[in-house]
Structure formats: C-alpha cells, structure tokens
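Since the structure comes first, as structure tokens, the remarks are kept for the end.
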Amino acid sequence: RVVILCVSFLSDALAKKNTYKRMRDHMQALLSQVVFPVLCFNDHDAELWEDDPHEYIRKGYDIIEDLYSPRTAAVNFMLEMARLRAKDNSNLDNFLGFIVSELMRYSQAPAEEKQYRRKDGAMLAVGSLCSKLKDNASYCKQLEPMILNHILPEFQSPHGHLRAKAAWVCGQYADIDFEHENLFKQLFECVLMGVRDPELPVRVDSVVALKEFVEASHSLDGLRAILPQLLNEFFSLINEVDNEDLVLTLETIVNKFGEEIAPYAKSLCQNLGAAFWKIMCNTD
C-alpha cells in the first residue's frame, strides 16, 4: 500500500512545474530502479499462477484490484510521464533505451542465465506504452522488428507467463501497418495456438488478444476453417472462467462473420444461456 501511495504521489507530481523540476534529474532512476522492478513478474505472481490460476486471472482483469496494485500504479506513472511530459523526449527515450537493453540482454544470454521475470516486465512496459509508440513516427517504425525479434519467440517459451504476455503484447499492436504481412499472419496463428495452451491464463490472454487480430484482419479465411472448433474452445473457457473480455471477443467474431454464423446460432444461444444461468446460480 505504501508503494502504491508513493508512486501515485509521483504521478500527480509530474503535472506540477515545481515538483517536476525537482524530479527531472531523477527520472531515469525512478523509471529503471523503482517503476521497472514493480512491473516484473514476482514471487507472488508465480505462486498464484501455480496454485490458483483462476485468482491470477481475476486479479489481472478486475478493475477494483487495480486500486490495490503497485503494478498498476507503476504503469500509470509511465503513462502519465509519456502524456504530461511529452515535450521532454529524453524521459521516454531514455526509458525505452533501458527497455531495449533489457530485451537485448535477455536475447543474448544463455538459457540458464536468462532473467525471465525481467523480460516479462520489459514486455509489459512495451505493451502499456502502445498508444504513445504507435502514434510517434520514429518509434512506430521500430515496432515490427521489435515484435519479430523479442516478442514472437516467447510464444515458444517454457514459461507460461511469457507466452501469455506475448499474446497480450501482440494484441496491443495487432492494428499497426505491418510491412510484412506474413508476420501478421504468423502472430495471428500463434495467438490461435495460445487458445489451446495447457495453462489457463495463457488461454485467457490469447482469447482476449484474438479480438484485436479479428478486428484488424482483412481476411478471415484461416479462422473460418476452424470456426466450429474455436467456438467450442470459447465456450469451454467461458464455462471455466467468468471474464467479460472473453465475451467481447466472441461478440467481435459474431459481428465479423455476420450471417455465416447462422449454422452455429443454436449452439451459441444454448451455451450463452448455460453460462448466464451458471452466473445467476453462483450469485445466489
């Protein structure tokens, strides 16, 4: 709680000339030594992931939990820094340089020396800053190589939290103008594979990311071929996890396919009705 209040205070201080003047020389230290470690996957995350993946998912998607999350406070500080002090490019440039160095250090390290948790934090930073990076021409042109070299390989990671984070980051950038269309297709396929991942949080993050790919895709031929199986995976997940974001992905698919969804309408209604009844019974 102390960390949350301190970081929230610093976020508010960014907006004020006098306080920011005193913070400015310390911004790089604040970002790399205070904010970044909070972004990284930690022991508590690992314990929840292993022992109670449902709770791990709930905490990750529950807005109320954000009020008590040091990680959310750290992300908000990053975003406020990028928004309020946009003219002071040195802050964002220096922090992104730090993130790139973390990504490079990870990719060059031997497997036994890779710092998986710091890679998770770097990926969270990259995904959280997506709006700023996509809107800036100098940053935008670096996004595709970054995704190719540092995000795509994590779909094969032995660590489930990195596979989940890779799906989430790719969802954040699904709408950029890919110079190489094959990369978009490859990422789309990786996210689809994540829907069948053996670990529940990876499946949830993959389904949520799928929404962004469906909206950004110009052709759904690949998805059309596996639509029946995909819908089955959806309803299996919805029956297991209460998460509104999963339903938003389903809604996007229904809207995209339009009348083509008609053969599955009865099954859709039955499964949605069963999910609704389950929620009502649990509420009672």
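The values are calculated or read from the model by the stated rules, or taken from the named source; none is laboratory data. None of the values given here were measured: they were computed from a predicted structure. Note that each Cβ is placed from the backbone with ideal geometry, even for glycine, and that neighbours are counted across all protein chains shown. Quick note on the areas: whole protein, heavy atoms, side chains included, nothing else; ligands and nucleic acids left out. Shrake-Rupley method; radii C 1.70, N 1.55, O 1.52, S 1.80 Å.
Can you pull out the trypsin sites (Lys or Arg not before Pro) in the stretch 57-140 that DSSP calls coil and that have at most 14 other Cβ atoms within 10 Å?
Values: sites: 58, 59, 71, 83, 85, 87, 105, 114, 117, 118, 119, 132, 134; in loops: 85, 87, 114.
Those that pass, being in a loop and sparsely packed, are 87.
Using a 1.4 Å probe over the heavy atoms of the protein chains, calculate the carbon and sulfur portion of the accessible area of the chain as a whole percent.
Details: 8260 of 15390 Å².
Roughly 54 percent, rounded to a whole number.
What angle do you read, to the nearest 10 degrees and between 0 and 90, between the alpha-carbon axis of helix 160-172 and the longest principal axis of the chain?
In the chain, helix 160-172 runs at an angle near 90 degrees to the longest axis.
Please say if the stretch 149-284 is rounded, prolate or oblate, where rounded means a/c under 1.5 for a ≥ b ≥ c the square roots of the C-alpha gyration tensor eigenvalues, and otherwise the choice is prolate for a/b larger than b/c and oblate otherwise? Walk me through the numbers on the way to the answer.
On the way: a/c = 2.30, a/b = 1.37, b/c = 1.68.
Here the stretch 149-284 falls in the oblate category.
For the stretch 1-66 and the stretch 211-284, compute the distance between their C-alpha centroids and round to whole Å.
For the stretch 1-66 versus the stretch 211-284, the Cα centre distance is 33 Å.
Which log10 I(q)/I(0) values, to two decimals, does the chain give at q = 0.08, 0.16 Å⁻¹ under the Debye formula with one point per Cα?
Evaluating at q = 0.08, 0.16 Å⁻¹ gives log10 I(q)/I(0) of -0.37, -1.33.
Compute the angle between helix 2-13 and the longest alpha-carbon principal axis of the chain, please, reported from 0 to 90 degrees and rounded to the nearest 10.
70 degrees
Rank these residues by their accessible area, most exposed first, probe 1.4 Å: 130, 6. Working shown, then result.
Details: 130 15, 6 75 Å².
From most accessible down to least: 6, 130.
With every protein chain present, what is the per residue accessible area of the chain (1.4 Å probe, Å²)?
Numbers: 15390 Å² over 284 residues.
Solvent-accessible surface per residue comes out at 54 Å².
Determine the dipole magnitude for the stretch 21-179: charges of +1 sit on the beta-carbon of Lys and Arg, -1 on that of Asp and Glu, nothing else is charged, the reference point is the Cα centre, and the result goes in debye to the nearest 20. Display every interim value, and only then the final one.
Values: 19 positive and 24 negative charges, 156 e Å.
The dipole magnitude comes to about 740 debye.
So if I place +1 on the C-beta of Lys and Arg and -1 on the C-beta of Asp and Glu, and nothing else carries charge, what would the dipole magnitude of the chain be about its Cα centre? I want it in debye, nearest 20. Working shown, then result.
Working: 30 positive and 42 negative charges, 243 e Å.
Dipole about the Cα centre, nearest 20: 1160 debye.
Ignoring everything except DSSP H segments at least 4 long, calculate the 222 nm mean residue ellipticity for the chain; use -39,500 (n - 2.57) per segment, divide by total residues, nearest 500. Each step should come with its number before you reach the end.
Values: 19 runs with 203 residues, N = 284.
It comes out at -21500 deg cm²/dmol, rounded to the nearest 500.
What is the local net charge at residue 131, summed over the other residues whose Cβ is closer than 12 Å to its Cβ (Lys, Arg +1; Asp, Glu -1)? Spell out each step's value before the answer.
Numbers: positive: 83, 132, 134; negative: 135, 175.
Overall, the nearby charge balance is +1.
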